[in-house]
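Student: Okay, handing you the structure first.
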């Protein structure tokens with residue numbers, strides 16, 4: 001009986017010791033986490049000072065989305081034997097030279113997508129068709145008036161790469177002022193801007209003089225990369241010649257630069273809408289046009305440089 005009592009006391013003491021050790025370890029872990037948090041705050045503050053120094057800032061991240069599938073004798077489908085695929089690629093890059101008296105900011109956005117549905121019962125290979133096709137580059141030079149305002153000149157070019165390269169193509173050249181309230185946000189206000197529109201044949205596209213507004217936000221929060229760009233052209237000749245495009249890209253790094261990415265874009269362009277409407281209705285005009293909002297999106301794996 002005494003042996004049993006002693007054994008129970010030893011077991012109870014063992015549990016008590018283990019519980020006390022676990023509590024001590026939890027307290028030690030909490031203190032370490034507090035120390036890490038404080039060190040991270042100090043590191044972030046130092047990084048902000050480094051980012052504020054004159055010199056080049058460069059970065060890029062992209063997204064790849066892909067799905068491939070095949071069907072053989074799948075009778076629930078109208079086409080029981082078919083191959084399907086969807087591939088999308090985006091690249092967002094920037095190279096900015098920041099100096100005390102001037103800045104030179106350059107950025108690029110590419111979004112390419114292909115889709116395929118190959119019905120094996122139909123002779124021939126349908127191949128991949130273009131789904132999304134976006135190419136945009138811009139270069140902004142500014143001479144500082146003070147820390148937030150500068151006299152600036154902008155060159156921006158937009159077109160497609162896979163289909164109808166430079167048909168249409170848009171080239172904006174203008175001058176005015178640029179506001180940089182933070183290191184991540186740039187707002188361009190150019191009342192003097194000419195919108196060159198390039199196209200082949202007898203088309204509805206016209207060049208015109210107008211105002212250019214561009215807002216670009218580019219930031220990185222630990223593992224999250226974010227880029228948003230709004231480009232607006234307001235024609236002085238006619239609102240039918242005005243257009244705007246808004247693109248947004250997010251990338252979240254999970255492991256060694258690899259993560260998840262999401263991009264979506266919106267556009268309003270009456271000239272493009274009318275050019276498309278004339279394919280099925282030769283009598284279409286700006287007045288009769290149903291100018292629907294254009295959009296695209298892509299989700300997939302991303303990689304940050």
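The values are calculated or read from the model by the stated rules, or taken from the named source; none is laboratory data. Computed from a predicted structure; not experimentally measured. Positions of Cβ are backbone-derived with ideal geometry, glycine not excepted, and every protein chain shown enters the neighbour counts.
Student: Does residue 228 fit the bill of being within 26 Å of residue 58 (Cα to Cα) and either surrounded by fewer than 17 Cβ atoms within 10 Å (Cβ to Cβ) or assigned by TED's automatic domain parsing to the domain that holds residue 137 (or both)?
Tutor: So residue 228 passes the test.
Student: May I pose another question? Checking the condition on the phi < 0 side of the Ramachandran plot, buried (at least 16 other Cβ atoms within 10 Å of the Cβ) and in contact with a strand residue (DSSP E or B) (Cβ under 7 Å, 6 or more places away or on another chain), which residue from 129, 118 passes?
Tutor: Criteria check complete, one pass: 118.
Student: Give the residue, chosen from 141, 157, that is buried (at least 17 other Cβ atoms within 10 Å of the Cβ), without any contact (Cβ under 8 Å) to a residue 24 or more places away in the chain, assigned to a strand (DSSP E or B) and in contact with a strand residue (DSSP E or B) (Cβ under 6 Å, 6 or more places away or on another chain).
Tutor: Going through 141, 157 in turn, the sole match is 157.
Student: Within segment 186-200, take every residue that is in a strand (DSSP E or B) and touching a helix residue (DSSP H, G or I) at 6+ places or on another chain (Cβ under 9 Å) and give me the one that is farthest from residue 135 (Cα to Cα).
Tutor: 195
Student: Taking segment 281-293, which residues are loosely packed, with under 14 Cβ neighbours inside 10 Å and within 33 Å of the chain's Cα centre (by Cα)?
Tutor: 290, 292, 293, listed by residue number.
Student: Under 30 Å from residue 297 (Cα atoms), at pLDDT below 70 and surrounded by 10 or more Cβ atoms within 10 Å (Cβ to Cβ) - does that describe any residue in segment 16-27?
Tutor: No: zero hits.
Student: Tally time: how many residues in segment 231-254 are surrounded by fewer than 17 Cβ atoms within 10 Å (Cβ to Cβ), within 19 Å of the chain's Cα centre (by Cα) and within 20 Å of residue 197 (Cα to Cα)?
Tutor: 2
Student: Another question about this same structure. Is it the case that segment 43-55 has a residue that's at pLDDT 75 or above and either assigned to a strand (DSSP E or B) or surrounded by 15 or more Cβ atoms within 10 Å (Cβ to Cβ) (or both)?
Tutor: Yes: segment 43-55 contains one or more residues that are at pLDDT 75 or above and either assigned to a strand (DSSP E or B) or surrounded by 15 or more Cβ atoms within 10 Å (Cβ to Cβ) (or both).
Student: Mind listing whichever residues of segment 201-260 are touching a helix residue (DSSP H, G or I) at 6+ places or on another chain (Cβ under 8 Å) and at pLDDT below 90?
Tutor: Result: 203, 204.
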